[in-house]
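These notes concern the structure reproduced below.
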Amino acid sequence: MNLVLSLRQIGVPLGGVLAGLAMVPLTLAVGWREALLWQAVPVFALLVLIQIPRERWDGERDPGRAILHRRIAAPLALLAESAPMRRLAFASFVYSGLQLCFISFMTVHLTSRAGFDLVAAGQALAVYQVAGVVSRPIWGWLADRLVPARVLLAVQGVIMCGAAVLAGRFAPDWSQPLVLVVCAVAGATASGFTGIAYAEWARIGGTRRTEATGLGAGIMFTGVLVMPSAFAVAIAASGEYAGAYTVAGLLAAVSGLLLLGATASGREAKPRH
């Protein structure tokens, strides 16, 4: 399950690779507004193409089922029923938020503080995303065969903390290869965790794994919304990146270590079925 879900997740950083490599030269050629509009072309093409399998995908849909129903919030009850799920929720929130902090601020940080030109900064972002693509199936394979996903997630939190602290100190005296190494480590952890995290949500959820993974996705995207915004406020208030990166990194390390506080697999509190 870890490997399958990790493979499923590689589409996200692959899109980031395309953005890092294609959008920067396109922005330089036609301007950022026009570059954003060009992104609509493949999106529209996909909207058209996806109509071909849509009828088959919707074959089991129940048109009479109400969307707004009191049970729509039922997955939230899983958090009250399982301490391991609460720990995983905290880690998922922080990890996904830090992932987007790296993505959102890396090029701006490198161009404004580390002396990179826009193309070199875009390449650094692409390295971050490529590391996420390559690492996800590797993490999945390890979680299936050698090390429990919970332990790997904890290790990732500690490593991404170190990468965040170092990233906050990027400066003109840093060599480009060293910056790229930090970006790769950050990508392999802050971007590489999602597949095994989804598998862990499914494992803990048991027979309610669909609700559990949906809850996990919701919590991850809440982190995506909240943490980059808080990150931007912190940078605007302090005028520097080091403090914001350090705090975000420490949150990742703490949430990772909390995952190790879960009881042994056979004694975990499971959601009621």
Quotient of Cα Rg and 2.2 N^0.38 Å for the range 79-233, N being how many residues it contains
1.08
Rank-order 191-203, 51-63 by packing density, defined as the average count of other C-beta atoms within 10 Å over each peptide's residues, highest first.
191-203, 51-63
Multiply the residue gap between ARG33 and ARG8 by 0.36 nm, knock off their C-alpha separation, and tell me the result in nm, one decimal place.
5.9 nm
Label-to-label distance, nm, for residues given as ALA217 and TRP141 (7 Å Cα→Cβ offset)
2.7
Shape call for the chain from the C-alpha gyration tensor, a ≥ b ≥ c root eigenvalues: rounded (a/c under 1.5), prolate (a/b greater than b/c) or oblate?
oblate
Label point 7 Å beyond Cα of ASP62 along Cβ direction - residues of the range 187-222 with amide nitrogen under 16 Å:
211
Protection proxy (average C-beta count within 10 Å per residue), highest first, orders 159-166, 228-235 as 159-166, 228-235
Report, in debye and to the nearest 20, how large the dipole of the chain comes out about its Cα centre when Lys and Arg carry +1 and Asp and Glu carry -1 on their Cβ.
880
How do 168-178, 114-124 rank on mean C-beta neighbours within 10 Å, highest first?
114-124, 168-178
Treating the Cα atoms of the range 51-137 as identical point scatterers in vacuum, please give the log10 of the normalised Debye intensity I(q)/I(0) at q = 0.17, 0.23 Å⁻¹, two decimals.
-0.90, -1.05
Give me the distance in nm between label points sitting 7 Å out from Cα along the Cα-to-Cβ direction at THR207 and ALA22, one decimal.
4.6
Accessible surface, 1.4 Å probe, highest first, among residues THR222, THR210, THR246
THR210, THR222, THR246
Most positive-pole-ward Cα, VAL254, LEU78, ALA190, against dipole of the chain from beta carbon charges:
LEU78
Picking from ALA186, ALA80, ALA212, which is most flexible by a Gaussian network model of the chain using Cα springs under 10 Å?
ALA80
Extension reserve of the SER229-VAL41 stretch, reckoned as 0.36 nm per residue once the Cα distance is removed:
64.8 nm
Mean Kyte-Doolittle of at least -1.0 plus a Cα span of 24 Å or more along the axis: flag which DSSP H helices in the chain meet both, please.
32-49, 83-113, 118-145, 149-167, 209-238, 242-259
Probe 1.4 Å, protein heavy atoms only - accessible area per residue of the chain in square angstrom:
52
With all protein chains present, how much of the accessible area of the chain (probe radius 1.4 Å) comes from carbon and sulfur, to the nearest whole percent?
69
Identify, among TRP38, LEU125, LEU215, the residue whose Cα sits farthest towards the positive end of the charge dipole of the chain, taking +1 on the Cβ of Lys and Arg and -1 on the Cβ of Asp and Glu, with the dipole about the Cα centre.
LEU215
Full extension between ILE52 and SER112 adds, at 0.36 nm per residue less the Cα distance, a length in nm of 17.0 nm
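The values are calculated or read from the model by the stated rules, or taken from the named source; none is laboratory data. Since the model is a prediction, treat every value here as computed from it, not as a measurement. In this analysis, Cβ positions are derived from the backbone assuming ideal geometry, glycine residues included, and neighbour counts consider all displayed protein chains. Please note that ligands, DNA and RNA were not included when accessible areas were found on the heavy atoms of the full protein model with its side chains. Shrake-Rupley method; radii C 1.70, N 1.55, O 1.52, S 1.80 Å.
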